[in-house]
């Protein structure tokens, strides 16, 4: 009986050590509340023609002030976060997305062929609420989910540190968007 208990304890210890070792090589994502991040709009599936966001091309940058902190060493895959749009998006003479529109997103652990461990963390925006109207969309820190050899969001997190100290992206400056 003692041998069985010792074997079980050793197995548990080894599996816990292996699981910890797997996560240590994956680049962690740590963003504090109040940070301003730039998310890139991805291709929208089945956008509604009457949807004002349908005028926004893939790659449109959304400057988002994080309302929640997110830390991949603490938060689990799928953990939600909230943010708000810092500057409005304008197409022609029409405001498509107003400043202070609320965004909802999640921390995702994605499969990655280019990462040595096969996984990477990504912050994804999944919806936007502007003046009471909700829109489904996908936006990520990287301009493409398929950029080879680029560390996901690493330059973005450095940019965040700069924007916190410089007071970047004031609310009164709109971003002009040209549809394709």
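The values are calculated or read from the model by the stated rules, or taken from the named source; none is laboratory data. Predicted model, so just to flag it, every value in this text is computed and none were measured. Cβ placement follows ideal geometry from the backbone for every residue including glycine, while neighbour counts extend to all protein chains displayed.
Data overview
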| read-out | value |
| --- | --- |
| Residue that is surrounded by 15 or more Cβ atoms within 10 Å (Cβ to Cβ) and either closer than 19 Å to residue 73 by Cα or within 19 Å of the chain's Cα centre (by Cα) (or both), where the choices are 105, 118 | 105 |
| Hey, residue 140 modelled with pLDDT of 80 or more, in contact with a strand residue (DSSP E or B) (Cβ under 8 Å, 6 or more places away or on another chain) and surrounded by fewer than 17 Cβ atoms within 10 Å (Cβ to Cβ) or not | no |
| Test: residue in the range 78-85 that is farther than 19 Å from residue 108 by Cα, more than 12 Å from the chain's Cα centre (by Cα) and without any contact (Cβ under 8 Å) to a residue 40 or more places away in the chain | yes |
| The lone exception for residue 150 - which of (1) within 16 Å of the chain's Cα centre (by Cα); (2) at pLDDT below 90; (3) not in a loop (DSSP other than H, G, I, E, B) it fails | (3) |
| Any hit, the range 50-70, residues being out of contact with any strand residue (DSSP E or B) (no Cβ under 7 Å at 6 or more places or on another chain), within 26 Å of residue 137 (Cα to Cα) and modelled with pLDDT under 75 | yes |
